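The structure appears right after this line, and notes come after that.
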Amino acid sequence: MLKIAIDSGHGLHTPGKEVPSYIGLGKIKEWTLNDKITTKLISMLTQYEDVKVLRLDDPTGKKDVSLSERSQKANNFKADICISNHHNAGIGGKNGGGLVIYRYPNSTKFTKNMQRLLYDCLIAETGLKGNRASPLAESNLHMVRAPKMPAVLIEHGFMDSHSDMAEIKKEDFSTKSARGIVKFLEKQYGIKKKKESVNQLDLYRVRKSWAD
């Protein structure tokens, strides 16, 4: 059984965590973007054998669950991995940015090889490669420090980047991002789809070929 703790960073009412008005997309909270990926990811994982998921944040986004409560829930759950979904800022309305993945400095739990594998899996799906000097980053962030299991914080692109938001706002971006994480979990932990999920996929392909 692979136990996965997952959260969407922040909440709907976290001050300042939103797409800037100068991007021209209206008022979009970071949690909303994070939640799209988290929701898709959790849905995809229901198709896999021997996988149990715990969501650490409030699924409605109305309550900004504290970082200490989130990490404690992950620890009490005895998760095998903790994944925190976020979107970045710091481009200031320019182009560039891209995917950035954080692990705890010199972590022996979420290793550099795991970080690289996750990055490669996500880039293969989204193509959101940016201009950051260190897309494979290390930081003393709470959500990579406090969990007792391997933990990673993913910045799925920059909210204040015109080029990033052109991709992030697309309907299939969250699906691609979630699929990239699942591909990583398949390769790192060997999780496999339930037989009925595979059969349903095969049936869909047969029906599609008939329709074509």
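Ordering Thr111, Thr39, Thr14 from largest to smallest accessible area (1.4 angstrom probe), what's the sequence?
Order by accessible area, largest first: Thr39, Thr111, Thr14.
What do you reckon, how do Tyr119, Tyr104 stack up by accessible area (1.4 Å probe), largest on top?
Tyr104, Tyr119
Which pairs in the list Lys78/Lys194; Lys27/Lys148; Lys40/Lys170 are over 26 Å apart, alpha-carbon to alpha-carbon?
As for pairs spanning more than 26 Å Cα to Cα, those are Lys27/Lys148.
Please provide three numbers in whole Å: the alpha-carbon extents of the range 97-144 along the principal axes, with the largest listed first.
That works out to 27, 18, 17 Å along the principal axes.
Using protein chains only and a probe of 1.4 angstrom, how many square angstrom of Ser84 are accessible, to the nearest 10?
Answer for Ser84: close to 0 Å² accessible.
Roughly speaking, what is the centre-to-centre gap between the range 127-146 and the range 79-101 when only Cα atoms are used, to the nearest Å?
7
For the chain, what's the relative contact order in percent, using C-alpha pairs closer than 8 Å and at least 6 residues apart?
This gives 27 percent for the chain.
Can you give the extra length, in nm with one decimal, that the chain gains between Thr108 and Met1 once fully stretched, where that is 0.36 nm per residue apart less the Cα-Cα distance?
Separation in residues times 0.36 nm, less the Cα-Cα distance, equals 36.4 nm.
In what sequence, largest accessible area first, do Lys29, Lys183 appear using a 1.4 Å probe?
Lys183, Lys29
Do any trypsin sites (Lys or Arg not before Pro) in the range 44-122 lie in a DSSP loop with no more than 14 other beta carbon atoms within 10 Å, and if so, which?
Within the range 44-122, the qualifying trypsin sites (Lys or Arg not before Pro) (loop, at most 14 other Cβ atoms within 10 Å) are Lys62, Lys63, Lys78, Lys94.
So how exposed is Glu186, as accessible area in Å² (1.4 Å probe, rounded to 10)?
60
Could you tally the net charge around Ala124, taking each other residue with its Cβ under 10 Å from the Cβ of Ala124, Lys/Arg +1 and Asp/Glu -1?
That sum, taken over residues with Cβ under 10 Å, equals +1.
HN-Hα J couplings of the range 144-158 from phi, Karplus 6.51/-1.76/1.60, θ = phi - 60°, integer Hz, Gly and Pro as x?
10, 9, 6, x, 7, 10, x, 9, 9, 10, 9, 9, 7, x, 9
Cβ under 14 Å from Glu49's Cβ, Glu49 left aside: what net charge do those residues give with Lys, Arg +1 and Asp, Glu -1?
Cβ neighbours under 14 Å give a net charge of +3.
For a 23 Å ceiling on Cα separation, which of these pairs sit above it: Lys17/Lys112; Lys36/Lys63; Lys112/Lys183?
Listed pairs above 23 Å: Lys17/Lys112.
At 1.4 Å probe size, what's the solvent-accessible area of His13? Round to the nearest 10 Å².
130
May I ask which residue of Leu54, Ala146, Val182 lies farthest towards the positive end of the charge dipole of the range 37-187, with charges of +1 (Lys, Arg) and -1 (Asp, Glu) on Cβ and the Cα centre as origin?
Towards the positive end, the residue furthest out is Ala146.
If you split all Cα-Cα distances of the range 1-113 into 5 Å bins from zero, what percentages do you get per bin, shortest first?
Final binned percentages: 2, 11, 18, 21, 20, 15, 9, 4, 1, 0.
When Lys and Arg each count +1 and Asp and Glu each count -1, what net charge do the other residues less than 11 Å away from Lys94, Cβ to Cβ, add up to?
-2
Tell me which DSSP H helices of the chain clear both cut-offs, 18 Å or more of axial length from alpha-carbon atoms and a mean Kyte-Doolittle hydropathy of at least -0.5.
30-45, 112-126, 173-189
By how many nm would the segment from Lys62 to Ser43 grow when fully extended, if each residue of separation counts as 0.36 nm and the alpha-carbon distance is taken off?
4.8 nm
The values are calculated or read from the model by the stated rules, or taken from the named source; none is laboratory data. Only a predicted model underlies this, so the values are computations on that prediction, with no experimental measurement involved. Every residue, glycine among them, receives a Cβ derived from its backbone with ideal geometry; neighbour counts consider all protein chains shown. All accessible areas refer to the heavy atoms of the entire protein, side chains included, with ligands and DNA or RNA removed. Shrake-Rupley method; radii C 1.70, N 1.55, O 1.52, S 1.80 Å.
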